[in-house]
Amino acid sequence: MSVLKAFRHDVPASIVVFLIAIPLSLGIAAASGAPLLSGLIAAVVGGVVVGLLSGAPLQVSGPAAGLTVIVAGTIGDFGLAGTAAIVALAGGVQILLGVARLGRAALALSPAVVHGMLAGIGLVIALSQIHVLLGGDAQSEAWKNLRDLPAQIAGGHGVSTLLGVLTIAVLLFWPRLVKTSLLPAALAAVVVTTALAAAIGADVKRVDLPDQPLDELILPRWPDAGLGPIAVAVLTIALVASVESLLSAVAVDRMHDGPRADLNRELVAQGAGNAASGLLGGLPITGVIVRSSTNVAAGARTRMSAVLHGLWIAVFVLLCAPLLETIPMATLAAVLVVVGLRLISLAQIRTYIRHRELPTYLITAVAVVATDLLTGVALGLGAAVLTMLWRLARCETRVVASGPGEWTVTVSGSLAFVGSGRVARALALVPAGEHVTIELHLDYLDHGAFQVIDDWISTYEKAGGKVTMRETNDEWFARATNGRLGDGKTAPARRFGSWTQWQDRDRQRRDAMEAGIREFERSVAPLVRPHLAGLARDGQQPEQLFITCADSRLVPNLITTSGPGDLFCVRNVGNIVPPHGAGDSSVGAAIEFAVGVLGVGTITVCGHSGCGAVRALMKGGFAEDQALGRWLAQSGADFSDCADEEHCVTANVAQQLLNLRTYPVVRDAEAEGRLTLTGLYFDLAEARMYAVDPDRGVREPLPVKASSP
């Protein structure tokens, strides 16, 4: 990318980020109990120092709401100068972690604990700043703020409360009323309430900055405390800042198509930034998702945007400090209330409900509010470990009558000795003297649980019963018993192959469908049931519309390695897309539903070798007075330049891509950058997928390239 092109995108983006960074930096400093200048110093250093060294070029760093509680406690324990020294030391620890290439290791921490921690911190911030918004003073502990909140609400409210409520209203409704990102909601709220306060001559507490900012820098000083408390404070800031920055970098990667983040380099950059910020008396720095997402949305292309936003802040503080001093503190408190509550993400809560990790999230969040950060995180980690152990020891057991005198016992999951009692109780339900098939879908089986099942089998067979063992994931019993049970062979789940390959020789083809369904319920259903249950509850959110041929040899989910809910499929003879307004509307209805309602980001047309529809089109002369003839006529493909059948198939795919663009909903979505069209060719004999060049009508090796409008 040329410097001029990057400059054209990065300068406007840097201004947008600068506008949102000013009020957030001031508010975070105020909530931390630090001088407001400390927040601005951290913002400048986060932009310039971290921006220049960053391993995540589009991430923007600065003071973060997630560290507010930690910084407030550190200032209370060690003072401002001591806190500056601790921040600098924490930066050194981060540099060492990055040099040791431990960037990925920080991501091993359970996301439920991290997000629970942020939710708890957000609640602590909101509880403290609501008092400032209402004209009172925040207490040092969350439970005290909660205890005093009813009295604060019932007390008298002045202009500060009016300004705070108005700020919140602007923050909530501005994005709905104004669609441009060039004027962020936080800046609009601050400007509106500051102008109102000046217009009515309100006597309220306002931002207070030193007249000579450079002369008021707080120099770090070794804290007057023991080595143990200092080490705990340094490690706490270093680890929390590192995890938050790395999680933010990973999240930013999902927002753009540029280079991926180098997490170890990013950790070194964050450490350098914290070291510099601490030496200058600034707050600790992390990668901030609010500023970073704004940066990406505003069109930034390189790290220049982050660096420039830091320079704009420095220039503004040095030359325009009187403007900042007109901002009411109640306005900043209101901004922090909204920022704090937004750390409690309903989308994340829904995610943890689906993954059954909500207890870990809630325990961490509540413990952070009720105790302190370290205790809350420790309790959250304990809950995560207990949840993991519970899952490892958990199995699902089903006993069903599969026919006259036949029973099937299915055991799925992980089976350790602690779960063997449940299996024993299930086996006891099987009547004596029957033919029992035990199906094990286990990823782990310890000796204690193995012994329980093996003892039951021996006892059952001595009483006249017959037991056959089938294992789908591993040969736990086959290895341990030398094939004593059944034929000793592992029977894989019926995911591939035909009915005839998966049935006993004496089974007639007429019950193939029923046999396949029973096999699915036995072996595959336990694996996909949690995912399907989530789709049933939350609805479908497919990634793309997949239009392919109705040929029985094509299996879309198999050849794309996708799962339930990933593809919205349309299958017809010849993967034809009738042009908009043509006689058939079923494909058009599916296109409009997929793009307009489901919001898919890709439409793929997939042809295949040996396509009967293409062969019919090549021969021509089909009867248009019949349904098949009328359908094939809607292809619109021209095969006059095709050398062979393969070229005709790819030409047909290319034509269907053109037909897709006759639909207004497709054209509009492509123009807005929300939709990509791709063409594929699947060679059945090779079991290999190729891309289709829509302009030349030829196949190419993958990766698939998006077609141009």
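Listed values, structure above:
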item	result
Every residue from region 534-555 that is over 23 Å from the mean Cα position of the chain (by Cα) and hydrophobic (A, V, I, L, M, F, W, C)	Phe546, Ile547, Cys549, Ala550, Leu554, Val555
Failed item in (1) part of a loop (DSSP other than H, G, I, E, B); (2) open to solvent by 10 Å² or more (accessible area, probe 1.4 Å); (3) of a type in the set (Gly, Ala, Ser), with Ala88 passing the rest	(1)
Residue within region 668-675 that is open to solvent by 50 Å² or more (accessible area, probe 1.4 Å) and modelled with pLDDT of 90 or more present	yes
Condition met for Gly66 (at pLDDT below 95, under 19 Å from Leu239 (Cβ atoms) and open to solvent by 10 Å² or more (accessible area, probe 1.4 Å))	no
Qualifying residue in region 175-185 (condition: within 17 Å of Leu323 (Cβ to Cβ) and at pLDDT 80 or above)	no
Residues satisfying the stated conditions in region 268-297, i.e. within 11 Å of Val44 (Cα to Cα) and of a type in the set (S, T, N, Q)	Ser277
Positions within region 451-476 being assigned to a helix (DSSP H, G or I) and either open to solvent by 30 Å² or more (accessible area, probe 1.4 Å) or on the phi > 0 side of the Ramachandran plot (or both), in sequence order	Gln451, Val452, Asp455, Trp456, Ser458, Thr459, Glu461, Lys462, Trp476
Hits in region 345-367 - residues which are β-branched (Val, Ile, Thr) and either surrounded by 19 or more Cβ atoms within 10 Å (Cβ to Cβ) or free of Cβ contacts under 8 Å to residues at least 40 places away in the same chain (or both)	Ile349, Thr351, Ile353, Thr360, Ile363, Thr364
Test: residue in region 37-47 that is more than 21 Å from Gly310 (Cβ to Cβ), modelled with pLDDT under 95 and not aromatic (Phe, Trp, Tyr)	no
Qualifying residue in region 31-51 (condition: touching a Lys or Arg at 6+ places or on another chain (Cβ under 6 Å) and in a helix (DSSP H, G or I))	yes
Residue in region 184-203 that is part of a loop (DSSP other than H, G, I, E, B), touching a residue at least 24 places away in the same chain (Cβ under 8 Å), over 20 Å from Val317 (Cβ atoms) and open to solvent by 50 Å² or more (accessible area, probe 1.4 Å) present	yes
Residue in region 290-303 that is open to solvent by less than 30 Å² (accessible area, probe 1.4 Å) and either of a type in the set (Asp, Glu) or within 25 Å of Asp208 (Cα to Cα) (or both) present	yes
Some residue of region 251-270 being under 23 Å from Gly122 (Cβ atoms), touching a helix residue (DSSP H, G or I) at 6+ places or on another chain (Cβ under 9 Å) and modelled with pLDDT of 90 or more	yes
Matching residues in region 547-574 - criterion: being in a loop (DSSP other than H, G, I, E, B) and open to solvent by 70 Å² or more (accessible area, probe 1.4 Å)	Ser552, Arg553, Thr561
Unique match (being among the aromatic types (Phe, Trp, Tyr) and either in contact (Cβ under 8 Å) with a residue 24 or more places away in the chain or assigned to a loop (DSSP other than H, G, I, E, B) (or both)) among Trp222, Trp174	Trp222
Options Ser420, Ser402: the member that is polar (S, T, N, Q) and assigned to a strand (DSSP E or B)	Ser402
Candidate set from region 642-666 (those that are of a type in the set (D, E, K, R) and in contact (Cβ under 8 Å) with a residue 40 or more places away in the chain); member that is most open to solvent (accessible area, probe 1.4 Å)	Glu646
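The values are calculated or read from the model by the stated rules, or taken from the named source; none is laboratory data. Keep in mind the model is a prediction, meaning the values are calculated, not measured. Glycine gets a Cβ as well: all are built from the backbone with ideal geometry, and neighbour counts include every protein chain shown. Only protein heavy atoms, including side chains, enter the accessible area calculation; ligands, DNA and RNA are left aside. Shrake-Rupley method; radii C 1.70, N 1.55, O 1.52, S 1.80 Å.
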